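The values are calculated or read from the model by the stated rules, or taken from the named source; none is laboratory data. All values reported here derive from a predicted model rather than from experimental measurement. Ideal geometry is used to build each Cβ from the backbone, glycine not excepted, and the neighbour counts take in all protein chains shown.
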Amino acid sequence: MAFDPRRLTCPRCQADWPEGEAHRCAACGFTLHADWFPAAFRPRTVPAPTGAAESPGSTTDPVCYLHPQRRASVPCDQCGRLVCGLCEVQAGPRHLCPPCFDAAQTRADGELPSSRTLYGRIALGLSVVPLFPPTALAALVVLAVGRGKPGSLVRPSRFPARVALVLALLQLTAFSVLVALAASGAFD
Amino acid sequence: MDPEAHSHPQQYEPLRARARMRPLPRWGTAALALVLGPLAFLVRGSRQELWDGGDHLLIIEDNGYAERYRRVRYQEVEVLQHWPTSDYLQAAVLLALGAVGYLALAGWLYQTTDGDSLAIGPAAIFGVSLVLALASHLVRGPTTRVRLRTRVQVIELPVLGRRRLADRVLPRLRARISSAQEDLAGAATAPPQAPTGTT
């Protein structure tokens, strides 16, 4: 049987889990706790097709949030809404709805980003590696590249970047002092 | 279409659920620890976190240098399932057997070679690391699995892999989902076997 991401199965016997069943698999008796919510029981009536180009779903299919008359095929990887094949925009490995695709096109970092690079943490990782000055310089480059770009969506702190900057500058200063001392013959 | 979702940044609240994703099941990691000792516990995946975004659940996968975000709208969650797993017992048995075995080996080598064997140290380190892993595993409590279904997908939440954590987070999720679907409750068709809401 082809993998169906919508199919809810019994964890033990993989039989279809009955709609509304809260505790027990009818096929193997496996027990679990299931909380059913009204969304599972709302009417899913999809209107009859209006044209040959339409690809309506059955009465049990989810519908596209932009086209209620069309069957949804995937969730938008950015906002989580359900979209049909007509609306779905394939952006590399991601499936986006048109508004999220537009947001991604108009801004490098939309309001609903699907990923963010943590430049501060990368720089911090580099700045604590005891291979100065190359890693200290690399940390400064990473900080420069990430300058002005938003950090974590949920923890927008700049603390790692600041610590990385201080450590990298300390390393470069220490290296410069060592070079100067060596040049002046202090180690002879 | 709700233009709000595309025009305003979201404020997120932590659900205080954070855990490492596991490239191996718990018993697999325990079995690997029998061979690799403490090195086995370095085999870890990215960290997963759950945050409440008001109208959606934000699932974050954090590999240390980048975060990936997935959003599940509360309004579209149809069912939330959770069940206990046997991982807890299997991993505990394997870790206990390994700890006893390595510590016994270290003791036996110490006795028979008067402490001259080079293998005593590694065996003791393996044994002690397995004891520590066992203690940590027991303290964190029984294991569970949680998944939710929307209209188009079934999503596993490996972050809620411990029952204690799941018991703390799931009521908040249920409340959020129920609140988001309040307007659907009246219009929804009655379920065939169980009432809507919690078990």
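Could you run through segment B:141-183 and say how many residues are facing another protein chain (nearest Cβ under 10 Å), assigned to a loop (DSSP other than H, G, I, E, B) and surrounded by fewer than 21 Cβ atoms within 10 Å (Cβ to Cβ)?
Going through segment B:141-183 one residue at a time, the tally reaches 3.
Name, by its number, the condition in (1) within 30 Å of residue A:122 (Cβ to Cβ); (2) touching a residue at least 40 places away in the same chain (Cβ under 8 Å); (3) at the interface with chain A (Cβ under 9 Å from one of its Cβ atoms) that does not hold for residue B:51.
(2)
Take the residues of segment A:82-111 that are in a loop (DSSP other than H, G, I, E, B) and either within 22 Å of residue A:158 (Cβ to Cβ) or touching a strand residue (DSSP E or B) at 6+ places or on another chain (Cβ under 7 Å) (or both): which is modelled with the lowest pLDDT?
That would be A:108.
Listed here are the residues, each with its yes/no results for (1) among the polar types (S, T, N, Q); (2) at pLDDT below 90.
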| residue | (1), (2) |
| --- | --- |
| B:45 | no, yes |
| B:51 | no, no |
| B:56 | no, yes |
| B:62 | no, yes |
| B:65 | no, yes |
| B:70 | no, yes |
| B:73 | no, yes |
| B:76 | no, yes |
| B:81 | yes, yes |
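Assuming residue B:138 fulfils every condition listed in (1) surrounded by fewer than 15 Cβ atoms within 10 Å (Cβ to Cβ); (2) free of Cβ contacts under 8 Å to residues at least 40 places away in the same chain; (3) part of a helix (DSSP H, G or I) apart from one, which condition is it?
It fails just one condition, (2).
Consider only pairs whose beta carbons are under 7 Å apart and that are at least six residues apart or on different chains; among these, list those whose first residue lies in segment B:83-106 and is on the phi > 0 side of the Ramachandran plot and whose second residue is in a helix (DSSP H, G or I) and hydrophobic (A, V, I, L, M, F, W, C).
none
Need pairs with beta-carbon distance below 6 Å; first residue under 21 Å from residue A:169 (Cα atoms) and within segment A:138-157, second buried (at least 18 other Cβ atoms within 10 Å of the Cβ) and not aliphatic (A, V, I, L, M); sequence gap 6+ or separate chains.
Here the result reads A:139/A:127; A:142/A:119; A:146/A:119, each pair linking segment A:138-157 to a residue that is buried (at least 18 other Cβ atoms within 10 Å of the Cβ) and not aliphatic (A, V, I, L, M).
Restricting attention to segment A:52-59, does a residue exist that is modelled with pLDDT under 80 and closer than 30 Å to residue A:170 by Cβ?
The answer is no, given that none of the residues of segment A:52-59 is modelled with pLDDT under 80 and closer than 30 Å to residue A:170 by Cβ.
Scanning for something among the polar types (S, T, N, Q), modelled with pLDDT of 85 or more, within 17 Å of the chain's Cα centre (by Cα) and over 26 Å from residue B:154 (Cα atoms), does segment A:144-153 turn up at least one residue?
As a first pass, look at segment A:144-153 and keep what is among the polar types (S, T, N, Q): A:152.
Applying the additional criterion that residues be modelled with pLDDT of 85 or more yields A:152.
Among the residues that remain, those that are also within 17 Å of the chain's Cα centre (by Cα) are: A:152.
From what's left, over 26 Å from residue B:154 (Cα atoms): A:152.
Yes, that holds for at least one residue.
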